[in-house]
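The values are calculated or read from the model by the stated rules, or taken from the named source; none is laboratory data. Model, not experiment: these values are computed from the prediction. In this analysis, Cβ positions are derived from the backbone assuming ideal geometry, glycine residues included, and neighbour counts consider all displayed protein chains. Ligands, DNA and RNA are stripped out before the accessible areas are found, and what is left, the full protein with its side chains, is counted by its heavy atoms. Shrake-Rupley method; radii C 1.70, N 1.55, O 1.52, S 1.80 Å.
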Amino acid sequence: MSLKNAIKDQSSTLGKGTGVAIVTPFHKDGSVDFKSLKNVVEHLIKGKVEYIVALGTTGESVTLNKEEKLAVTQHLISVVKGRLPIVLGIGGNNTTEVVHSLEKTNLTGIAAILSVCPAYNRPNQEGLYQHFKAVAKASPLPVILYNVPSRTSCNITDETTLRLAHDYKNIIGIKEASGNFAQVMNIIKNRPKNFKVISGDDLITLPLIASGGDGVISVVANAYPKDFSEMTRQALSGNYNEARRLHYKLTTITNLLFADGSPAGVKAALEILGICKAHVRLPLVNINKKVHSALAEEMKKY
């Protein structure tokens, strides 16, 4: 099967199960560590995750220049070789620039786009609708919305999400990290057929699936892909006893990974596992010694 056909076949189930917001490993001098990026990819594939999300928050995309973003994307495509779908982060608070990127980027080998809610501008709901309308019209691929008010200071309401979902068939889902379960459940209740509701918060993946959600785009699964993806699969299959066991097995580590900033926490875990170094780019810094010690101790127990 060709790469193009593999991508087409994968897109029908995209958003179901565990996607991983993959880290971008760096060398000590701050340059991209492509060898370690391959290590992370193979670790995720071995852990049986369902798809990879590149150039998101966890990938420190806002600190990468255009040439680095292109290089990271092409390297991922060459390493993955169609074994998993790749979702590419293309978003921002300049609608014209986002549209330009969608029109000019070579998206061969990419299954879908993840587009984050505009940060800093703080548009009203009509502004958000018009922004994502422009994104949907410009994108040659399916689009997953990304709502993360803790980072953007702007919430895509359930009404706006549902309006977009019903108006644009190529908007196929939302990564929901608002933490507002009333909002999320209203989307689940009133969404069009095949519109995916995806957890953007590792800790609420299990209850979101129990409410009718479809999976997660995970940070924790960078380090623990096997257990996290299995927890998600068990929950989706209705095997909640096993899903709960794995959920609670992971909760202490999950909390530690976010205790002093993300993705610094999960990069520290990946370094402890020997997969890549923990280097991050400013303005991020490595996690503090107290959290690192607690994380290392918990990982030994695990």
- Message: Exceeding 21 Å between C-alpha atoms, which entries from my cross-link table qualify? They are Lys137/Lys196; Lys28/Lys104; Lys69/Lys104.
- Response: Lys28/Lys104
- Expressed as a whole percentage, what fraction of the accessible surface of segment 95-180 belongs to carbon and sulfur atoms when a 1.4 Å probe is rolled over the protein heavy atoms? 48 percent
- Message: Given contacts defined as C-alpha pairs under 8 Å and at least six residues apart, what's the relative contact order of the chain, whole-number percent?
- Response: 19 percent
- Per the rule of 0.36 nm per residue minus the C-alpha distance, extending Lys137 to Val62 adds in nm 24.6 nm
- Using alpha carbon centroids, what distance separates segment 178-215 and segment 45-118, in Å? 23 Å
- Summarise the accessible area of segment 218-260 (1.4 Å probe, protein heavy atoms) by the percent that is carbon and sulfur. 46 percent
- For segment 196-302, what relative contact order do you get, as a whole percent, if you take Cα pairs closer than 8 Å and at least 6 residues apart? 19 percent
- Message: Quick check on segment 166-302: take the gyration tensor over C-alpha atoms, sort the square-rooted eigenvalues as a ≥ b ≥ c, and tell me if it's rounded (a/c under 1.5), prolate or oblate.
- Response: prolate
- Specify whether the C-alpha gyration tensor of the chain places it in the rounded, prolate or oblate class, a ≥ b ≥ c being the square roots of the eigenvalues: rounded for a/c under 1.5, otherwise prolate if a/b is larger than b/c and oblate if not. rounded
- Query: Any idea of the accessible area per residue across segment 12-141, 1.4 Å probe, to the nearest Å²?
  - Reply: 44 Å²
- Task: For Arg122 and Ala71, calculate 0.36 nm times their separation in residues minus their Cα-Cα distance, and state this gained length in nm to one decimal.
- Result: 15.2 nm
- Message: For a quick check: with amide H placed at 1.01 Å from N, whose amide H comes under 5 Å from Ile171's, ignoring anything fewer than 5 positions away on the same chain?
- Response: Val143
- Rank these residues by their accessible area, most exposed first, probe 1.4 Å: Met185, Met231. Met185, Met231
- Message: Below 13 angstrom from the Cβ of Lys38, what's the summed charge of the other residues (Lys, Arg +1; Asp, Glu -1)?
- Response: +2
- Residue-by-residue Karplus 3J(HN,Hα) for segment 274-282, coefficients 6.51, -1.76, 1.60, Hz, glycine and proline x: x, 9, 7, 7, 8, 4, 10, 9, 4
- For a quick protection proxy, order the peptides 220-227, 186-193, 74-81 by their average other-Cβ count within 10 Å, most packed first. 220-227, 74-81, 186-193
- Message: Please compute the length gained on full extension between Asn239 and Asn255, using 0.36 nm multiplied by the number of residues separating them and subtracting their Cα-Cα distance.
- Response: 3.4 nm
